[in-house]
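Trainee: Supplied in structure tokens, the structure appears directly below.
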Amino acid sequence: MAKLSLSDVEHIAKLARIHLTDTEQQKLVTELSSILSYIDQLKAVDTTNVPPTAQVTGLTDVLRDDVSQQQSVDVREQLLNATPKRTGDFVETKAVFE
Amino acid sequence: MRKLNTLSLIEASEALQKKEISSEELTRACLSAIKEKDSTIHAFLTVTDEHALTTARDIDRRRANGERLGPLAGIPFAIKDIFATQGVRTTAASKILEEYVPPYDATVVAKLKEQGIVILGKTNLDEFAHGASTENSAFGPTKNPLDTERVPGGSSGGSAAALAADMCIAALGTDTGGSIRQPAAFCGVVGIKPTYGRVSRYGLLSMTSSTDVVGPMTKTVTDAAVVLEAIAGEDGHDATTTAKPVLNYRSYLEHASVKGLRIGVPREYFISGMQPEIEQRVRAALNAYEKLGATLVDIALPHTQYAIPVYYIVTPSEVSSNLGRYDGIRYGYSECRMQNAECRNLEAVYSLSRAHGFGPEAKRRIMIGTYALSHGYYDAYYLQAAKVRTLIRRDFEEVFKKVDVIMTPTSPNVAFKIGEKTGDPLQLYLEDVLLAAVSLAGLPAISIPCGKGAHNMPVGLQIIGNYFEEEKILSAAYIYEQTTTH
């Protein structure tokens, strides 16, 4: 049960956008398989007609007023300066395609 | 008088208000303790000593001017390094945020600052709070001050160790599956995880949004009550907080009694493999409650065994989503700053920044979560886990029709040796075995010291309450604290 292959791990890493070394991939094949086998015991629980729980306090539709929240120039500068690459007031990234 | 850094929050607060001591003296005492001990313990990732002294002197000046100040004014705090602190580096113990300086304060930090606390610095944790030993920190483990060969627990291990070594007066922690309660137990201090929604998480770097909570870690139960009152309440910045009124928790302690208190004792929480001294200490505590007039009720929480498997689907799933924001584009570590020829396009920036920024446990959790949420596996893993979570919650709802509080050991073992459990991730996941169900249900729980176990290390008693009944668990904890010497 829940035995992951090397190509499964490669695929998940691609979805998660994490570049893994060969050693990391090998290690994760073993570790993830063992964790998932442990988790597999959940399949034995009868959950017929049981709704899923995503939250526990029962709050619904918590909304704020649809108005933009102004920040000071100072905060804006700090946010822009936190970016790895800033060009003027833009955040610079690599192109999507080479 | 005792050394000032060894005072409890209430003792320090009273001495400050009577002007027997100044906040500057108190802060200096904590800073000297940090200087003396922290090269060994490594509880702090950042110490803001100059800023702390400036704040302390400011509070002293305001007090001298006759200003009426609250009980927290001038009290030195240690803040887990997963809360955003304006102008102070906030790392989550991850390389990916090693140089991150937030432009704003987390709501709880802002509230405590308004009360006049003195921030000593930011404490160590497992990277992004993923762990139960603080060994997963990218900046090296914290050591347990009671035995430096042992872990302080985690993920709030730095805060627990700072308290146990009297390097601070009070601390803030977070608990997602046990991260306040377990280190509190391992270090012999008090830690309370409030009801989900009781305290704002705005400015807390998200891990598992459906179970993350913020709570006080302190030297005494009264201290925890005072800090909880200061940080609790609705916050427009966190849509999961509720408008339920915040109680004056301390006032409940003055009249606390356990006469007639019905204490549920779940048989599933005295598991095989538990260290015998743990069961002895906890049974002794239960007997003490009985002698004080409480009634012990044998209860069943039949889905307890599924808490860990549910938790390790729900948590990685939410982690994989929450850590998606660390992409090397907007803040934090970025490969595009390095002269890396492989960093050719946007996708390479993402995957190389994340590869070099995240540690092994963060990667592991992102991978499990991505798998559990991916096409074809969602129903079998995530949805099934969410359904079993309902059954775990219902177990508690049934039991709370019959009892006022539930008492269990906090952990099946005392603090283990550094390196003892790092070989197998599952071993560390099982550390949460008595803690995760409470988190999945969103209930409040406190861990208080109840004596010494194996290797003379502290044992924790966990007291679980019904939703938004923090005053009941604090009262029960207080009575025990007052009638014993632990």
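The values are calculated or read from the model by the stated rules, or taken from the named source; none is laboratory data. Keep in mind the model is a prediction, meaning the values are calculated, not measured. Cβ coordinates were reconstructed from backbone atoms using ideal geometry, including for glycine residues, and neighbour counts include every protein chain displayed. The accessibility values were calculated without ligands, DNA or RNA, using every heavy atom of the protein model including side chains. Shrake-Rupley method; radii C 1.70, N 1.55, O 1.52, S 1.80 Å.
Trainee: For the range B:1-23, how many residues meet the condition of being touching a strand residue (DSSP E or B) at 6+ places or on another chain (Cβ under 9 Å) and not in a loop (DSSP other than H, G, I, E, B)?
Mentor: Residues of the range B:1-23 touching a strand residue (DSSP E or B) at 6+ places or on another chain (Cβ under 9 Å): B:5, B:8-9, B:12, B:23.
After this cut, where a residue has to be not in a loop (DSSP other than H, G, I, E, B) as well, the list is B:5, B:9, B:12, B:23.
Here the count works out to 4.
Trainee: For the subset of the range B:241-254 comprising residues that are in contact with an Asp or Glu (Cβ under 9 Å, 6 or more places away or on another chain) and in a loop (DSSP other than H, G, I, E, B), which member is surrounded by the fewest Cβ atoms within 10 Å (Cβ to Cβ)?
Mentor: Here the answer is B:ALA243.
Trainee: A further question on this structure: So, of the residues in the range A:1-40 that are among the polar types (S, T, N, Q) and open to solvent by less than 80 Å² (accessible area, probe 1.4 Å), which turns out to be farthest from B:ILE313 (Cα to Cα)?
Mentor: Restricting to residues being among the polar types (S, T, N, Q) and open to solvent by less than 80 Å² (accessible area, probe 1.4 Å), the top hit is A:THR21.
Trainee: Answer yes or no: is there a residue in the range B:287-299 that is under 24 Å from the mean Cα position of the chain (by Cα), in a helix (DSSP H, G or I) and farther than 30 Å from A:SER68 by Cβ.
Mentor: So in the range B:287-299, the residues under 24 Å from the mean Cα position of the chain (by Cα) come out as none.
Within the range B:287-299, none of the residues are under 24 Å from the mean Cα position of the chain (by Cα), in a helix (DSSP H, G or I) and farther than 30 Å from A:SER68 by Cβ.
Trainee: What is the one condition in (1) over 15 Å from the mean Cα position of the chain (by Cα); (2) under 19 Å from B:VAL438 (Cβ atoms) that B:THR208 does not satisfy?
Mentor: Of (1) over 15 Å from the mean Cα position of the chain (by Cα); (2) under 19 Å from B:VAL438 (Cβ atoms), only one is false for B:THR208: (1).
Trainee: Give me the residue from the range B:26-57 that is in contact (Cβ under 8 Å) with a residue 24 or more places away in the chain and small (Gly, Ala, Ser) and, out of that set, surrounded by the fewest Cβ atoms within 10 Å (Cβ to Cβ). Even if it seems obvious, please write down each step before you answer.
Mentor: To start, the set of residues in the range B:26-57 that are in contact (Cβ under 8 Å) with a residue 24 or more places away in the chain comprises B:26-34, B:37-38, B:40-49, B:51-53, B:55-57.
From the residues that got through so far, the ones that are small (Gly, Ala, Ser) too are B:29, B:32-33, B:43, B:52, B:56.
Details: B:ALA29: 21, B:SER32: 14, B:ALA33: 22, B:ALA43: 31, B:ALA52: 24, B:ALA56: 26.
Per the criteria, the residue is B:SER32.
Trainee: Inside the range B:58-93, can you point out the residues that are open to solvent by less than 10 Å² (accessible area, probe 1.4 Å) and in a helix (DSSP H, G or I)? I'd like the intermediate steps shown before the answer.
Mentor: Filtering the range B:58-93 down to residues open to solvent by less than 10 Å² (accessible area, probe 1.4 Å) leaves B:59, B:72-85, B:90-93.
Within the range B:58-93, just B:ILE59 meets the criteria.
Trainee: While we're looking at this one, here's another question. How about the range B:317-342: which of its residues are of a type outside the set (A, V, I, L, M), more than 7 Å from chain A (Cβ to nearest Cβ) and part of a loop (DSSP other than H, G, I, E, B)? Talk me through it step by step, then tell me what you get.
Mentor: Within the range B:317-342, the subset of a type outside the set (A, V, I, L, M) is B:317-318, B:320-322, B:324-328, B:330-337, B:339-340, B:342.
Next, from what is left, pick out any that are more than 7 Å from chain A (Cβ to nearest Cβ): B:317-318, B:321-322, B:324-327, B:332-333, B:335, B:339-340, B:342.
Result: B:TYR326, B:ASP327, B:GLY332, B:TYR333, B:GLN339, B:ASN340, B:GLU342.
Trainee: Among the residues of the range A:74-85, which ones are farther than 22 Å from B:GLU342 by Cβ and either open to solvent by less than 80 Å² (accessible area, probe 1.4 Å) or hydroxyl-bearing (Ser, Thr, Tyr) (or both)? Even if it seems obvious, please write down each step before you answer.
Mentor: First pass over the range A:74-85, keeping only residues farther than 22 Å from B:GLU342 by Cβ: A:74-82.
A:VAL75, A:GLU77, A:GLN78, A:LEU80, A:ALA82, listed by residue number.
Trainee: May I ask you to verify whether B:GLY293 is touching a residue at least 12 places away in the same chain (Cβ under 8 Å) and either open to solvent by 40 Å² or more (accessible area, probe 1.4 Å) or outside the structural domain of B:LYS402 (by TED's automatic domain parsing) (or both)? Walk me through how you get there before you give the answer.
Mentor: Values: touching a residue at least 12 places away in the same chain (Cβ under 8 Å): yes; either open to solvent by 40 Å² or more (accessible area, probe 1.4 Å) or outside the structural domain of B:LYS402 (by TED's automatic domain parsing) (or both): no.
So B:GLY293 fails the test.
This table checks each residue for (1) modelled with pLDDT of 95 or more; (2) more than 10 Å from every other protein chain (Cβ to nearest Cβ); (3) open to solvent by less than 20 Å² (accessible area, probe 1.4 Å).
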site: B:PRO302; (1), (2), (3): yes, yes, no
site: B:VAL310; (1), (2), (3): yes, no, yes
site: B:GLU347; (1), (2), (3): no, no, no
site: B:PHE358; (1), (2), (3): yes, no, yes
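Trainee: Tell me whether the range B:405-426 contains one or more residues that are within 26 Å of B:PRO245 (Cα to Cα), touching a Lys or Arg at 6+ places or on another chain (Cβ under 9 Å) and not assigned by TED's automatic domain parsing to the domain that holds B:VAL213.
Mentor: So far as the range B:405-426 goes, yes, one or more of its residues are within 26 Å of B:PRO245 (Cα to Cα), touching a Lys or Arg at 6+ places or on another chain (Cβ under 9 Å) and not assigned by TED's automatic domain parsing to the domain that holds B:VAL213.
Trainee: Also, quick follow-up: Taking into account only those residues within the range B:426-461 that are in contact (Cβ under 8 Å) with a residue 60 or more places away in the chain, among the hydrophobic types (A, V, I, L, M, F, W, C) and open to solvent by 10 Å² or more (accessible area, probe 1.4 Å), which is farthest from B:ALA300 (Cα to Cα)?
Mentor: Step by step, filter the range B:426-461, then rank; the result is B:ALA454.
Trainee: List the pairs whose first member sits in the range B:166-195 and is in the same structural domain as B:MET407 (by TED's automatic domain parsing) and more than 13 Å from B:LYS219 (Cβ to Cβ), whose second member is open to solvent by less than 10 Å² (accessible area, probe 1.4 Å) and of a type in the set (Lys, Arg), and whose Cβ atoms are under 7 Å apart, counting only residues at least 6 apart or on separate chains?
Mentor: The qualifying pairs do not exist here.
Trainee: So which residues in the range A:52-63 are within 16 Å of B:GLY442 (Cβ to Cβ), within 10 Å of chain B (Cβ to nearest Cβ) and loosely packed, with under 10 Cβ neighbours inside 10 Å, if there are any at all?
Mentor: A:GLY58
Trainee: Give just the number: which of (1) open to solvent by 10 Å² or more (accessible area, probe 1.4 Å); (2) farther than 19 Å from A:GLU24 by Cβ does B:GLY423 not satisfy?
Mentor: (2)
Trainee: Among all residue pairs at least 6 apart or on different chains, which show Cβ distances below 6 Å where the first residue, located in the range A:1-26, is part of a helix (DSSP H, G or I) and the second is open to solvent by less than 50 Å² (accessible area, probe 1.4 Å) and among the aliphatic types (A, V, I, L, M)?
Mentor: From the range A:1-26, the pairs are A:LEU6/A:VAL29; A:VAL9/A:LEU28; A:VAL9/A:VAL29; A:ILE12/B:MET367; A:ALA13/A:LEU20; A:GLN25/A:VAL9.
Trainee: Of everything in the range A:64-84 that's at pLDDT 90 or above and not in a helix (DSSP H, G or I), which residue is nearest to the other protein chains (Cβ to nearest Cβ)? Can you show your working first?
Mentor: Filtering the range A:64-84 down to residues at pLDDT 90 or above leaves A:66-68, A:72-84.
Now drop any that are not not in a helix (DSSP H, G or I), which leaves A:66-68, A:72, A:83-84.
Values: A:ASP66: 14, A:VAL67: 12, A:SER68: 15, A:SER72: 9, A:THR83: 6, A:PRO84: 3 Å.
Applying the filter and picking the extreme gives A:PRO84.
Trainee: Tell me which of these B:SER23 doesn't satisfy, since it passes every other one: (1) within 20 Å of B:THR218 (Cβ to Cβ); (2) open to solvent by 60 Å² or more (accessible area, probe 1.4 Å); (3) touching a residue at least 40 places away in the same chain (Cβ under 8 Å); (4) of a type outside the set (A, V, I, L, M, F, W, C).
Mentor: (2)
Trainee: Taking strands (runs of 3 or more DSSP E) that do not extend beyond the range B:143-227, which have at least 3 residues that are charged (D, E, K, R)? Working first, answer last.
Mentor: On the way: elements: B:170-175, B:190-193, B:213-218.
Result: empty, no element qualifies.
Trainee: Further question on the same structure: Considering only residues of the range B:312-345 that are over 30 Å from A:ILE39 (Cβ atoms) and acidic (Asp, Glu), which is least open to solvent (accessible area, probe 1.4 Å)?
Mentor: B:GLU335
Trainee: Among the residues of the range B:375-407 satisfying the criterion of being surrounded by fewer than 17 Cβ atoms within 10 Å (Cβ to Cβ) and outside any helix (DSSP H, G or I), which is farthest from the other protein chains (Cβ to nearest Cβ)? Walk me through how you get there before you give the answer.
Mentor: Here is the first cut: in the range B:375-407, the residues surrounded by fewer than 17 Cβ atoms within 10 Å (Cβ to Cβ) are B:375-380, B:383, B:394, B:397-398, B:401-402.
Filter again for outside any helix (DSSP H, G or I), leaving B:375-378, B:401-402.
Details: B:HIS375: 10, B:GLY376: 11, B:TYR377: 10, B:TYR378: 11, B:LYS401: 17, B:LYS402: 20 Å.
Only one residue tops the list, namely B:LYS402.
Trainee: May I ask you to verify whether B:GLU99 is modelled with pLDDT under 95 and either outside any helix (DSSP H, G or I) or open to solvent by 10 Å² or more (accessible area, probe 1.4 Å) (or both)? Step through it out loud before you land on a result.
Mentor: Values: modelled with pLDDT under 95: yes; either outside any helix (DSSP H, G or I) or open to solvent by 10 Å² or more (accessible area, probe 1.4 Å) (or both): yes.
Yes: the conditions hold for B:GLU99.
Trainee: More than 12 Å from the chain's Cα centre (by Cα) and modelled with pLDDT of 95 or more: which single residue out of B:GLY178, B:GLY188 fits that description?
Mentor: Values: B:GLY178 fails: more than 12 Å from the chain's Cα centre (by Cα).
Among B:GLY178, B:GLY188, only B:GLY188 is more than 12 Å from the chain's Cα centre (by Cα) and modelled with pLDDT of 95 or more.
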